[in-house]
Amino acid sequence: MSVRSRLCVLVTALAAFTTGLCAPVAAQSTPPPHTAVLDGARLQQTKARLDRGDPQLRRTVQALTVRADKWLDQGPWTVVDKPRPAPGGDVHDYLSQAPYWWPSQPPTADNPWGCPYVQRDGQRNPEVDSGTDRQDVEKVFDSAYDLSLAWYYTGEKRYARKAGQVLRTWFLDPATRMNPNLDHAQFIPCKYDGRAIGIIDFSQSYTSVLDALALLDTGAPGWNRKDRTGMTEWNTDFLGWLKDSDFGKQEAAAANNHGTFYDMLLAGLACATGDKALARRTVLDARGKRVAPQIAADGSQPQELARTRSWHYSTFDLVAYTRLAAIGRNVGVDLWAYRGPDGQSLFKAVDYLLPAATGATAWPHPELEFLRYAATDVVHAAADAGDKRARTALPLLEAPPGGDLWALRPAAEQLDSIAG
């Protein structure tokens with residue numbers, strides 16, 4: 001190579017080097033939210049598609065913001081607002097009343113509650129929605145989730161600020177915060193001051209709050225380090241109560257949807273507070289502890305079919321299973337892949353619902369109020385996990401009131417409105 005050629009090569013290389021030094025450094029992307037149930041990376045990808053103008057996602061976001069807008073002029077709610085404290089006397093203790101228990105006598109001065117109370121399965125006593133914290137805490141859960149999702153996808157500060165106000169009022173502010181226990185959940189007047197099964201008041205929905213917190217933690221305006229630290233401390237204390245209290249141990253031993261939801265809450269709290277080993281162990285144990293004994297070889301759930309609301313409870317239990325499987329994905333466990341000794345699996349349990357979910361056949365078991373859309377989210381979950389029958393069924397599903405939001409928050413919710 002001539003001197004001139006070598007000089008040209010050197011000049012070219014030097015130009016490339018200096019150009020590289022002066023080129024702007026690409027902005028680092030925001031890391032995905034550290035969600036417990038939702039797939040944070042998937043949310044991040046969905047947001048990127050939305051930012052690029054995906055028309056279908058834009059329409060879905062409009063449905064989400066309709067929900068979020070309704071919360072803007074409501075609340076905040078607090079556990080100290082109930083007309084009388086829980087039986088222990090502390091207004092900061094959460095209180096709810098057993099939904100299916102009714103007075104057997106007309107109230108009198110000597111018997112103001114109309115005791116004794118008797119059970120009517122599936123029939124909700126309207127008095128449980130007044131005088132306790134149950135309705136308010138459901139509003140806290142729902143609003144925090146809707147508002148946080150709306151902020152994450154739109155960037156509108158008003159959603160984040162409202163979500164922060166709701167969460168601080170219920171969980172953090174000393175004057176209004178809830179104590180991290182459920183000692184007085186689902187009490188029965190004149191019978192029990194609280195019951196283990198009252199844990200389902202939180203276990204059925206609180207993991208949505210954990211994901212709402214993860215969304216806010218990505219940089220929501222008005223949500224600061226003190227808030228994050230306070231919620232981590234509250235969740236750690238609540239996890240300790242859930243593991244160690246007598247009520248928690250009783251609920252862990254439940255053989256129906258209560259046990260499944262307990263595992264989901266335990267794993268979600270463990271994941272959110274950094275105890276990934278506990279979260280992983282809980283999902284692994286659910287294979288032989290939950291799926292094998294609670295799901296039959298044909299995919300039915302005998303414990304749930306025995307209820308007067310068998311469709312509701314069959315879909316309800318699968319909300320817990322599919323969300324538990326989602327937590328498992330985040331800690332390296334594939335619960336969908338498990339097969340019990342008789343072939344039991346989550347796929348079979350969802351497939352058992354498909355004829356009724358798609359409207360092909362009537363639901364052949366007792367159900368006081370059949371709502372076809374109650375199964376929509378769990379079918380979505382199975383389809384995402386690889387179930388071909390579920391994927392084929394998707395176009396035949398009934399959208400829930402307010403629209404199908406799966407594309408924005410791909411984790412099952414209980415879409416019908418029964419509680420308990």
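Taking the Cα of LYS226, stepping 7 Å toward and past its beta carbon, and measuring to each backbone N in region 149-174: which are under 14 Å?
165, 168-169, 172-174
Could you look at region 31-100 and say what percent of its accessible area is carbon and sulfur, using a 1.4 Å probe and all protein chains?
Answer for region 31-100 is 47 percent, counting heavy atoms of protein chains only.
Loop only per DSSP, at most 16 neighbouring Cβ atoms within 10 Å: give me the trypsin sites (Lys or Arg not before Pro) in region 274-372, ordered by residue number.
Counting only loop positions with at most 16 other Cβ atoms within 10 Å, the trypsin sites (Lys or Arg not before Pro) in region 274-372 are ARG339.
If I stretch the segment between THR361 and GLN62 completely, what's the gain in nm (0.36 nm per residue apart, minus their alpha carbon distance), one decimal?
Difference between extended and current length: 104.3 nm.
Using a Förster radius of 51 Å, what is the FRET efficiency between ARG52 and ASP110 based on their Cβ-Cβ separation? Nearest 0.05, please.
0.15
Compute the distance in nm between two label points, each set 7 Å from the Cα along the Cα-to-Cβ direction, one at SER417 and one at ASP193.
3.5
When all protein chains stay in place, what accessible area (Å², nearest 10, 1.4 Å probe) is found for CYS190?
For CYS190, the solvent-accessible surface is approximately 90 Å².
Anything over 28 Å Cα to Cα? Flag those among LYS82/LYS162; LYS191/LYS243; LYS191/LYS249; LYS162/LYS276; LYS289/LYS348, in the order listed.
LYS162/LYS276
Only one of the values [x] 57; [y] 52; [z] 74 was calculated from this structure for percent of Cα pairs over 28 Å apart; name its label.
Computed from these coordinates, percent of Cα pairs over 28 Å apart corresponds to label [y].
When ligands, DNA and RNA are left out and all protein chains stay put, how many square angstrom of accessible area per residue does the chain have with a 1.4 Å probe?
44
Please give me the summed charge of the neighbours of PRO302: other residues whose Cβ is under 13 Å from its Cβ, Lys and Arg +1, Asp and Glu -1.
Taking every other residue near PRO302 into account, the sum is -3.
Compute the length gained on full extension between ARG120 and ARG281: take 0.36 nm times their separation in residues and subtract their Cα-Cα distance, giving the result in nm to one decimal.
Roughly 54.3 nm would be gained on extension.
The values are calculated or read from the model by the stated rules, or taken from the named source; none is laboratory data. Since this is a predicted model, take the numbers as computed values, not measurements. All Cβ positions, glycine included, derive from the backbone under ideal geometry; neighbour counts span all protein chains shown. Surface areas here come from the heavy atoms of the whole protein model, side chains and all, with no ligands, DNA or RNA. Shrake-Rupley method; radii C 1.70, N 1.55, O 1.52, S 1.80 Å.
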